[in-house]
Amino acid sequence: MTTSTQPEQRRILATAIPGPLSLERQAQRKAELANGLGTTMPVFVDRAGGGILVDVDGNHIIDLASGIAVTSVGAAHPAVTRRIAEQAARFTHTCFLVTEYDGFVDVAAALNRLTPGDHAKKTALFSTGAEAVENAIKIARTATGRPAVVVLGHAYHGRTNLTMAMTAKNVPYKQGFGPLAPEVYRVPSPYPYRWPSGPERAAEEAFAALKDIVTIQVGATNVAAIVVEPIQGEGGFIVPPPGYLKAVQELATEHGIVFVADEIQTGLGRTGAMFACEHEGVVPDLVTTAKALAGGMPLAAVTGRAEIMDAVAAGGLGGTYAGNPVACAAALGALEAIESEGLVARAREIEERVLPRLAELVVAGSVVGEVRGRGAMLALELVEPGTTQPAPAIAKAVVERCHEQGVLTLQCGTYGNVIRLLPPLVIPFDLLDEAIDVLVDAIRGVR
Ligand SMILES: Cc1ncc(COP(=O)(O)O)c(C=O)c1O
C-alpha cells in the first residue's frame, strides 16, 4: 500500500504545531484570502500519503480526516497518481458535452455496478457533491413533475443555493445568504442520543413525523424527493436507528416519491459497506457520490434507476467540467484500489480496532456522552459531565490538543460538540493506534 513516493508513515513532531513556516504563510494567507474561508488546523501541507500529512515545517501529522472523507485510498495512492499523470499527458479536458472520452463512461459503468440494487441503472457525472445533490433534485422533479423536497433535521447537503436550503444548520452555512430556494421541507432526524422520548422510540416517532409531513402537510402528490444521508455527516455522524431508512424508502415507493440517498460522505467503503444504505438493506432510487470517488480529484455523480435518470432531456444535465477526464482517471484508480485492496473490509477492521477503545471513555461523569458510527466513520459526542448538554468548547479543546500533538481530527455536529474520525482506509494500524492514544489522552486531560 505504501510506496517510496509516500511520506514516512510515522508521527514526527519537528517543531511546535503550527511551526514557523506555517505561521509565516498564515500571515500571507490572512492578507490574500477572503475571511469566509475557514481552516481547521493552521498548517500548510507539503506532501501527504497513506496516513500521514507532512507540513512545510517537516512535522508528520497523523491524518484522521482524509480531507473530510475524500482520501480513503490516501492522498497519493499510486493507482490514482499514475492514472492522473497518464491522462494529463494525453489531454486534460474536452468537455464531455462537446466530445466524449472513455473515462467518463467507465466511471459511470463502475458506479452502476457498485451502487445498491440489481435494477437497470444510469449515471451522470458532475464535479462537486453539492452539484450532484442539485442534479438529483432536478432529475427527481422532472421524473415526478412535482416540486417539493423533504430533508431531515441535522442534514448537510452542500453550500449552493438549493443545497444550502436543504442543509439544517444556519451558522455558518446559511446566515446572511438568503433568500433560500423554496419547496424544501424538514422532518425530524431520528437522532437516537437526543431523541426526547429515548433512543428506542426514535425510529417509530421520527417516521410518524415524516409520514405526517409528507402525506398531510405537504401532500405526497407534491413531493418529488426525500433525501437522506444514511449516516448524517456534518450533523454529527448520526446513525439512524434500525428500520427507519427502510420505512422511509417504502413510504417513498408507495407514493411515487424518489428516495435519494446522499452517500457523498458515507459512500465507497467508508462505513464498512460499499454504500451505507446496505447496512439497512435499503435500495435507493438515486444515489449521490463525490468525495472518496476520485481519490482527491473533484468528481461527483448521480446514479440511479434508468427510467428516473432518463427523465431529463438531452442537454438538461452537465457542466463544463462535469466528469473531467483527469478526475475520471483518478476515480478509476481509486475504485480499483478500494476493490483490489479490500478497503471496505478494512473500514470494518478500523471500527473493530477503534470503537471499543472509544467506548471505554463513556463512563459516569465523562465528557464523552456517546460514541457511534460505522466502519471508518466514527465519532464521540462530548457533553457537560453528568448531562447531555452539548460541550462544543470541550470538543474544541480536545481537537486543538490533538493538533498540537500531530494528530488531525475534525469537529462536527449541529452543536459543534462532536469529534469525528475519518482516517484514510489505508492508514497503517500502528499509526491509527498511536492517534487514538493521543486522542484518549487529550480527552482524559481536558478536565
Ligand atoms: C452528505 C453530504 N452531501 C453533500 C456534501 C457537499 O459536497 P461538496 O462539498 O463536494 O459540495 C457533503 C460535503 O461535506 C456531504 O457530506
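The values are calculated or read from the model by the stated rules, or taken from the named source; none is laboratory data. The structure displayed is predicted, hence computed values, not measured ones. For neighbour counting, all protein chains shown are included, and Cβ atoms are generated from backbone atoms with ideal geometry for every residue, glycine included. Only protein heavy atoms, including side chains, enter the accessible area calculation; ligands, DNA and RNA are left aside. Shrake-Rupley method; radii C 1.70, N 1.55, O 1.52, S 1.80 Å.
Numbers for the structure displayed
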quantity	calculated
DSSP-defined beta bridges in the chain - what % are antiparallel, rounded to 5	65 percent
Euclidean distance of C-alpha centroids, the stretch 144-160 and the stretch 192-229, integer Å	14 Å
Cα centre as origin, Lys/Arg/Asp/Glu Cβ charges: the chain dipole, Debye	700 debye
Tensor-based shape of the stretch 148-283 (alpha-carbon gyration tensor, a/c under 1.5 rounded, otherwise prolate or oblate)	rounded
222 nm mean residue ellipticity, helices alone, for the chain (DSSP H n ≥ 4; -39,500 (n - 2.57); rounded to 500)	-11000 deg cm²/dmol
Cβ-based net charge around residue 180, under 14 Å, with every Lys or Arg adding one and every Asp or Glu removing one	+2
Alpha-carbon Rg with Dmax, taken over the stretch 80-340, Å	18.0, 60
Carbon/sulfur fraction of accessible area - the stretch 1-135, other protein chains in place, 1.4 Å, %	54 percent
Stokes-Einstein translational diffusion, the chain - Kirkwood Rh over all Cα pairs, 0.692 mPa s, 37 °C, in µm²/s	147 µm²/s
Inverse of mean 1/r across different Cα pairs in the stretch 289-447, Kirkwood, Å	18.0 Å
Tail beyond 15 Å, pair distance distribution of the stretch 382-447 (Cα, percent)	52 percent
Percent of Cα-Cα distances greater than 15 Å, calculated over the stretch 104-177	64 percent
The chain, accessible area per residue, ligands and nucleic acids excluded (1.4 Å, Å²)	39 Å²
Out-of-range pairs (alpha-carbon distance over 28 Å; input 211/291; 138/396; 211/396; 122/169; 138/211; 246/396)	211/291; 138/396; 211/396; 122/169; 246/396
The stretch 80-340: antiparallel DSSP beta bridges as a percent of all, rounded to 5	45 percent
Two-site FRET efficiency, residue 216 against residue 352, from Cβ-Cβ distance with R₀ of 60 Å, rounded to 0.05	0.85
Heavy-atom accessible surface of the stretch 180-307: percent carbon and sulfur, 1.4 Å	56 percent
Solvent-accessible ranking of 401, 194, largest area first, probe 1.4 Å	401, 194
Neighbour cut-off at most 10 other Cβ (10 Å), DSSP loop, GluC sites (Glu not before Pro), the stretch 1-45	none
Loop-located trypsin sites (Lys or Arg not before Pro) in the stretch 60-149 whose Cβ has at most 15 other Cβ within 10 Å (DSSP)	none
Qualifying chymotrypsin sites (Phe, Trp or Tyr not before Pro) for the stretch 144-202 [loop in DSSP, other Cβ within 10 Å: at most 13]	177
Förster radius 22 Å - calculated FRET efficiency between residue 89 and residue 5, Cβ distance, rounded to 0.05	0.80
